[in-house]
Amino acid sequence: MLKPSLNAVSPLNGYSKTFASIKLSEVTELAIVSITFSLNETSSFKEAFSKYYGNSLPEYGSSTLSKDSTFRFMSMQPGMIFAIYEYVGLEPISVLTSQLGATAFFSDQSDSSFILRLSGKNLHKILERVCAPDLSNKPFPPNSVARTTVDHLNAIILHEKNNNFLFISPRSSARSFLNALETSIENTL
Amino acid sequence: MKQKNRTSGGLIERNKPLVFHFNNLRYEGFLGDTVASALIANNQRLVARSFKYHRPRGIFSAGPEEPNALVQLRLGAHLEPNTRATVTELFDGLIAKSQNHLGSLEFDFLEINNLLSPLLSAGFYYKTFMWPKSFWEKIYEPIIRASAGLGCLSNEPDPDIYDKGFLHCDVLVIGGGPAGLAAALIAGRSGVRTILADEDFLIGGRLNAETFTINGMKGSDWAVQTAAELEHLPNVRLLTRTTVYGAFDHGVYGAVERCTDHLASSNGRPRQVLWRIYSKRTIVSTGATERPIAFSNNDRPGIMLAGSVRTYLNRWAVTPGKRVAIFTNNDDGWRTANDLRGKDINVIAVIDTRDKPPPFKYSDTKVFMGSHILDVIGHKGVTALKLPHGKSIEADCIAVAGGWNPNVHLTCHHRGRPTWCKDISAFIPGEELPTGMTVAGAANGTLALSAALKQGSDAGSTAARDTGHNVVAQEVLNAEDEPSEISPFWHVEENKKRAWIDMQNDVTVQDIEMAYMEGFRSVEHVKRYTTLSMATDQGKTANTVAVAVLAELTGKTIPQTGVTIYRPPYTPVSISALAGRQRGNQFRPTQLCPSHTWATEQNAVFVEAGLWKRAQFFPKKEENHWRQSVNREVLQTRKSVGVCDVTTLGKFDVQGTDALKFLNYIYANDLTTLAVGKVRYGLMLREDGLIMDDGTIARLAKNHYITTSTTANAAQVLRHMEFCHQCLWPNLNVHIISVTEQWGQFAISGPNSRHLLQKIVDREIDISNHSFPYMACSEITICNGIPARLFRISFSGELGYEIAIPARYGDALIRRLMSAGEEFDIVPYGTEALSIMRIEKGHPAGAELNGQTTARDLGMQRLVAKNKDFIGNILSKRPELNRKDGLALVGFIPIDRRDKLSAGAHFFSLNKDIITNNDEGWMTSVAISPNLGHSIGLGLIKRGNDRIGETVKAANLLQKQYVKVEIVTPYFIDPEGERLRA
């Protein structure tokens, strides 16, 4: 098969910058797929989910990893989860349909959003300039996920692991969002 | 002699001298001073001129309640007017200037207003300057306006940066005085997530101003020790220089932290941070503010609040005078006398309004019990005071103690009314407080120290328990309970001269009396008529005195008279802090299309479509007017092929076994006949039957649809769809998600559009007219396997397609299309050309879908299904929306082809006057058609379809242009649609 003849461009062109001990970088190799299942037919979906990923569905406001840590599933709203996983290719949905089959509906969201990773120590001083939800460890431990706004921009925030946060926000406003995060970092250094 | 009023002690850092300038004169102070304390140290008594009468004024208080000492700080773009000198921290190189005088502070020409005071009393603008009538607008009002207001702006953009942030806690303690510290201490020790905020730069509140002891330690030292312990607790956050200015809903408080105001330069750091604090419980321990007693000429420089005199003495080691008289109606005034005498300051007299034995006996101080001050002598500074029976005493400072008002402001922000407490003759917080709020200490009317500490501890314990923590044992804090007996005395009744109540707005006892005489009874009306408490100090020192005076006049009690309540902000908040980062380019976010980078390289001119930046047109070097570029784009597209980025339109992925049923509910069209691989134009109605939005519905698979909306309504449509799904039909198996951003989408239009597409779609895809007819859609691949979606739809009226591709390939695709299209002389076109083409084709857009029109108005009644129910169905059948003489969308051309049509012009029959009754409709969209060579328009006119060929007049009443127009078909180009179906 011939190689695709168009080059993909990430919204922030692979941005990466270090501010003292804080690192902010664009994550480009993750697929995001929306998985929705009917509230009346969750049992078959749960069964398939558990079978393939060795875990149960995440609770609202949190995420779970598949047993092999390949997939992370974020609960977004009743009946909808987002799957995030490393993927390089043209058909991210195909990975999931092969496992979950007809138990759900899928929508590729990999290009709807861009992803920024914020990592480092003492991130709380930056995070409190970013958005309203309380992102400190106690109410927002690792694996927590929240939908919120950052400077009027929609954002999904994932507490990936200690001292690491992922920000997922609409692609078209990537530059504005980056500016918001950079400003938060610079204002607290 | 420098700093001749400086005394020993204080909480200043004498090893850090500072130099500052006031009115271009050099002065010295120390780190820890405020501008006010440093001015007092240097014996600068005159600091301002009053708002209306331009009377000489001095420093009156020591805190945020200051009504007089408003100064202008800094220079150039950093200039800031109306800053209270009493809370402005001194720094090296500070430049301050007085305000509100014509000429110098010493010789203000506008002091003539004082002589004209009979003409300028409260509400004068309702009564004077009435004749002659013509003078008001041209002479009186401009002069009054010019002399009104305080301070002036730099008129330059603020060069500092500001930020905002969000804080969360279990308990927010507002005020770091004794009660607040006690509350924060127990909460902090109990593991409660606590924030303690104080507006001062030195935590401790009145502990820093008094000679109290706590557990045998100086009060100020106990404050330092407590603050140090709190700072070391990981669950406690101390915010000094932070004013909590408002109590908002749901336990949210607004606060401004002044990060660099006390420094000569911000050095790139945010100057202020506006915090939203979310707390489960709040303890308001904001203390109390002293109030004066009103007597003749009580506004002279040198007359101050007695508690403030103590503050200057004890905290800042300055004395406002060398011969100080005390005028008091309560025990607290005597404390000032004692503290001054303790520092060997000459207390020349104590005048106590209470007729009882004096609490202290002094050998070298005259004591007058049951007496009062009649008047003062001195113009730019008090020099003597007059007592009854002709007695006169020389004094350079009068410390007035009229009682203490608990700072109830935050408790009123949810419209709670304070209640009257007879014991302290003051208003205290009422029963209705914002949810989760308690009040402790002086703010609650508990003025004595020991009681305030206990109340603070209790409040902290309760808050800790309420938030689910185990409370540690309360520490016993031994302190005095100072005497605080008061006998209400509000003003001297024998006032022969004006007696001030509200210093900042120049409102006197006489103004209140006059308002009463003129029929104002309600405290709300008196406030607004006299402007009492309406200055930036919110009447902190004036409100209660005024209410008392009004009560006397009306014969009611103070509780019966009532009090006005306070609103945020507690103290002024700069607009810059409220704006935060939202300035300039960061005022709002920007959304960029996938082709933006490429378009920028083409020197495209962009237009804002909501938050999106869309290419408006693509000028070439040789073109020097936008219409040249736009005409070229239109003509070339219609002649060959053009490409336009249409990513911004809303796109929604709708899937599920009930997707069709759902879409049939929300669209007016019957979609049951929409086959897989087909796309249909759709109308979405509101419940009232008018059009909400239009778009397309494409069926990609049996249970998979893609719907589109206009750019402007994308969010509204998605919200509507979610509402319908979640609230109206929650049991339908349908799933909706926005894919507006997921897919970059390009319109390819023109006779050569198919040829161009054939160069990029993969070989196995057949897009011939036969296999891919008009209104077909399909999932395809392009450029060696890249997934895409193709829709044969056209907004331009030409043979056209829209191709959607994952947004990451958008940039590459536009470049590929332009490269592949070179042989066809492809042209990129922007929103201007898009608009012209759709008007030429008669397609309605935003101007026609403005929320006032129906499907019938736009000639789309055949699209509306008759055999199903859908949102808007019932009300769209209302007779008034279906009148035979109703509006219809038609085309318009000028009779004289040289005339230009105006959008918004209204239509009138030729023989009818241009009045509302004769209005027959309006022009919705206009363009100068490069294909036709003249102006064209779309518009709505009564019975439009029956009047083709008729001439009417289009009246543009704003520009007073009247153009004769002919009613024509709205399809200026290819009315039969042959190009679309080619």
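The values are calculated or read from the model by the stated rules, or taken from the named source; none is laboratory data. Note that the structure is predicted; figures quoted are calculated from it, not measured. A quick note on method: Cβ atoms are made from the backbone with ideal geometry, for glycine too, and the neighbour counts reach across all protein chains shown. Each accessible area value is taken on the protein alone, full model and side chains, heavy atoms only, with ligands, DNA and RNA left out. Shrake-Rupley method; radii C 1.70, N 1.55, O 1.52, S 1.80 Å.
Within region B:26-49, take every residue that is in a strand (DSSP E or B) and of a type in the set (A, V, I, L, M, F, W, C) and give me the one that is least open to solvent (accessible area, probe 1.4 Å).
The extreme case among them is B:Ala48.
Can you give me the number of residues within region B:238-259 that are buried (at least 17 other Cβ atoms within 10 Å of the Cβ) and more than 21 Å from B:Pro434 (Cβ to Cβ)?
5
In this structure, does B:Leu980 turn out to be of a type in the set (A, V, I, L, M, F, W, C), closer than 29 Å to B:Arg638 by Cα and outside the structural domain of B:Ala845 (by TED's automatic domain parsing)?
In short, yes.
How many residues are more than 11 Å from the chain's Cα centre (by Cα) and facing another protein chain (nearest Cβ under 7 Å) when one looks only at region A:109-124?
2
Would you point out the residue of region A:22-71, among those that are in contact with a Lys or Arg (Cβ under 8 Å, 6 or more places away or on another chain) and not in a strand (DSSP E or B), that is nearest to the other protein chains (Cβ to nearest Cβ)?
Ranking the candidates gives A:Leu57 first.
Residue-wise test of (1) farther than 30 Å from B:Glu524 by Cβ; (2) basic (Lys, Arg).
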site	(1), (2)
B:Val549	no, no
B:Ile558	no, no
B:Thr561	no, no
B:Tyr566	no, no
B:Gly580	yes, no
B:Phe587	yes, no
B:Arg614	yes, yes
B:Arg627	yes, yes
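Which members of region B:256-278 meet the condition of being of a type outside the set (Phe, Trp, Tyr) and in a strand (DSSP E or B)? Explain how you work it out, then say what you get.
Residues of region B:256-278 of a type outside the set (Phe, Trp, Tyr): B:256-274, B:276-277.
B:Val256, B:Glu257, B:Arg258, B:Gln272, B:Val273, B:Leu274, B:Arg276, B:Ile277, listed by residue number.
Do we have any residue at all in region A:166-180 that's within 7 Å of another protein chain (Cβ to nearest Cβ), closer than 23 Å to B:Leu274 by Cβ, buried (at least 21 other Cβ atoms within 10 Å of the Cβ) and modelled with pLDDT under 95?
No; the residues of region A:166-180 include none that is within 7 Å of another protein chain (Cβ to nearest Cβ), closer than 23 Å to B:Leu274 by Cβ, buried (at least 21 other Cβ atoms within 10 Å of the Cβ) and modelled with pLDDT under 95.
How about region B:619-637: which of its residues are of a type outside the set (Ser, Thr, Tyr) and open to solvent by less than 20 Å² (accessible area, probe 1.4 Å)?
B:Val630, B:Glu633, B:Val634
Among (1) touching a Pro at 6+ places or on another chain (Cβ under 8 Å); (2) among the aliphatic types (A, V, I, L, M); (3) within 14 Å of chain A (Cβ to nearest Cβ), which single condition is B:Ala577 missing?
(1)
Residue under question is B:Gly191, and the condition is that it be surrounded by 20 or more Cβ atoms within 10 Å (Cβ to Cβ) and either farther than 30 Å from B:Arg49 by Cα or not assigned by TED's automatic domain parsing to the domain that holds B:Met534 (or both); does it hold?
No.
So which of B:Leu115, B:Leu150, B:Leu119 ends up being under 29 Å from the mean Cα position of the chain (by Cα) and either in the same structural domain as B:Ala499 (by TED's automatic domain parsing) or not hydroxyl-bearing (Ser, Thr, Tyr) (or both)? Break it down into steps so the answer makes sense when it comes.
Values: B:Leu115 fails: under 29 Å from the mean Cα position of the chain (by Cα); B:Leu119 fails: under 29 Å from the mean Cα position of the chain (by Cα).
One residue alone meets the criteria, B:Leu150.
For region B:805-812, does any single residue satisfy the condition of being closer than 22 Å to A:Ser112 by Cβ, within 11 Å of another protein chain (Cβ to nearest Cβ), among the acidic types (Asp, Glu) and touching a residue at least 60 places away in the same chain (Cβ under 8 Å)? Break it down into steps so the answer makes sense when it comes.
Going through region B:805-812, the residues closer than 22 Å to A:Ser112 by Cβ turn out to be B:805-812.
The next check asks that each one be within 11 Å of another protein chain (Cβ to nearest Cβ); those that pass are B:805-812.
Still in the list and also among the acidic types (Asp, Glu): B:811.
Next cut, touching a residue at least 60 places away in the same chain (Cβ under 8 Å) only: B:811.
Within region B:805-812 (the criterion being closer than 22 Å to A:Ser112 by Cβ, within 11 Å of another protein chain (Cβ to nearest Cβ), among the acidic types (Asp, Glu) and touching a residue at least 60 places away in the same chain (Cβ under 8 Å)), the answer is yes, since at least one residue qualifies.
Just wondering, is there one or more residues in region B:88-95 that are open to solvent by 70 Å² or more (accessible area, probe 1.4 Å) and not assigned by TED's automatic domain parsing to the domain that holds B:Asn543? Before you say what the answer is, go through the steps one by one.
To start, the set of residues in region B:88-95 that are open to solvent by 70 Å² or more (accessible area, probe 1.4 Å) comprises B:92.
With the extra rule that they be not assigned by TED's automatic domain parsing to the domain that holds B:Asn543, the set shrinks to B:92.
There is at least one residue in region B:88-95 that is open to solvent by 70 Å² or more (accessible area, probe 1.4 Å) and not assigned by TED's automatic domain parsing to the domain that holds B:Asn543.
Of all residues in region B:831-841, which are touching a strand residue (DSSP E or B) at 6+ places or on another chain (Cβ under 7 Å) and within 19 Å of B:Ile793 (Cβ to Cβ)? Working first, answer last.
Narrowing region B:831-841 to residues touching a strand residue (DSSP E or B) at 6+ places or on another chain (Cβ under 7 Å): B:831-836, B:839-840.
Scanning region B:831-841 gives B:Thr831, B:Ala833, B:Leu834, B:Ser835, B:Ile836, B:Ile839, B:Glu840.
Here are the criteria: (1) out of contact with any helix residue (DSSP H, G or I) (no Cβ under 7 Å at 6 or more places or on another chain); (2) buried (at least 24 other Cβ atoms within 10 Å of the Cβ); (3) assigned to a helix (DSSP H, G or I). Tell me which single one B:Met818 does not satisfy.
Condition (2) is where B:Met818 drops out.
Among (1) away from chain B (no Cβ under 14 Å); (2) aliphatic (A, V, I, L, M); (3) surrounded by fewer than 20 Cβ atoms within 10 Å (Cβ to Cβ), where does A:Ala8 come up short?
(1)
Tally the residues that are surrounded by 14 or more Cβ atoms within 10 Å (Cβ to Cβ) and either of a type in the set (Lys, Arg) or part of a strand (DSSP E or B) (or both), restricting the search to region B:471-496.
Within region B:471-496, residues that are surrounded by 14 or more Cβ atoms within 10 Å (Cβ to Cβ) and either of a type in the set (Lys, Arg) or part of a strand (DSSP E or B) (or both) number 3.
In region A:88-108, what residues are more than 10 Å from chain B (Cβ to nearest Cβ) and either open to solvent by less than 30 Å² (accessible area, probe 1.4 Å) or of a type in the set (D, E, K, R) (or both)?
Answer for region A:88-108, where residues must be more than 10 Å from chain B (Cβ to nearest Cβ) and either open to solvent by less than 30 Å² (accessible area, probe 1.4 Å) or of a type in the set (D, E, K, R) (or both): A:Leu96, A:Leu100.
Can you find a residue that is facing chain A (nearest Cβ under 9 Å), modelled with pLDDT of 95 or more, under 24 Å from B:Leu660 (Cβ atoms) and part of a loop (DSSP other than H, G, I, E, B) anywhere in region B:741-762?
yes
For B:Thr536, indicate whether it is modelled with pLDDT under 95 and touching a helix residue (DSSP H, G or I) at 6+ places or on another chain (Cβ under 6 Å).
Criteria not met by B:Thr536.
Specify which of the listed residues (B:Ile393, B:Ile377) is among the β-branched types (Val, Ile, Thr) and without any contact (Cβ under 8 Å) to a residue 40 or more places away in the chain.
B:Ile377
Would you call B:Asn911 open to solvent by 70 Å² or more (accessible area, probe 1.4 Å) and part of a helix (DSSP H, G or I)?
Spelling it out, it is not the case that B:Asn911 is open to solvent by 70 Å² or more (accessible area, probe 1.4 Å) and part of a helix (DSSP H, G or I).
Evaluate region B:717-728: report whether one residue or more is at pLDDT 95 or above, surrounded by fewer than 17 Cβ atoms within 10 Å (Cβ to Cβ) and assigned to a loop (DSSP other than H, G, I, E, B).
No, every residue in region B:717-728 fails to be at pLDDT 95 or above, surrounded by fewer than 17 Cβ atoms within 10 Å (Cβ to Cβ) and assigned to a loop (DSSP other than H, G, I, E, B).
What's the total number of residues in region B:672-696 that are surrounded by 23 or more Cβ atoms within 10 Å (Cβ to Cβ) and assigned to a loop (DSSP other than H, G, I, E, B)?
Looking only at that region, the number is 0.
Given (1) buried (at least 24 other Cβ atoms within 10 Å of the Cβ); (2) hydroxyl-bearing (Ser, Thr, Tyr); (3) within 14 Å of another protein chain (Cβ to nearest Cβ), identify the lone condition not met by B:Thr657.
Every listed condition holds for B:Thr657 apart from (1).
Go through B:Ser935, B:Ser929, B:Ser909 for me and flag whichever is in contact (Cβ under 8 Å) with a residue 60 or more places away in the chain and small (Gly, Ala, Ser).
Only one candidate passes the filter, namely B:Ser929.
When you scan region B:430-440, do you find a residue that is farther than 21 Å from B:Ala306 by Cβ, open to solvent by 10 Å² or more (accessible area, probe 1.4 Å) and over 30 Å from the mean Cα position of the chain (by Cα), even just one? Let's see the steps before the verdict.
Kept after step one, since they are farther than 21 Å from B:Ala306 by Cβ, are these residues of region B:430-440: B:430-440.
Within this subset, residues satisfying the condition of being open to solvent by 10 Å² or more (accessible area, probe 1.4 Å) are B:430-433, B:435-439.
Okay, now just the ones that are also over 30 Å from the mean Cα position of the chain (by Cα), so none.
Within region B:430-440 (the criterion being farther than 21 Å from B:Ala306 by Cβ, open to solvent by 10 Å² or more (accessible area, probe 1.4 Å) and over 30 Å from the mean Cα position of the chain (by Cα)), the answer is no, since none of the residues qualifies.
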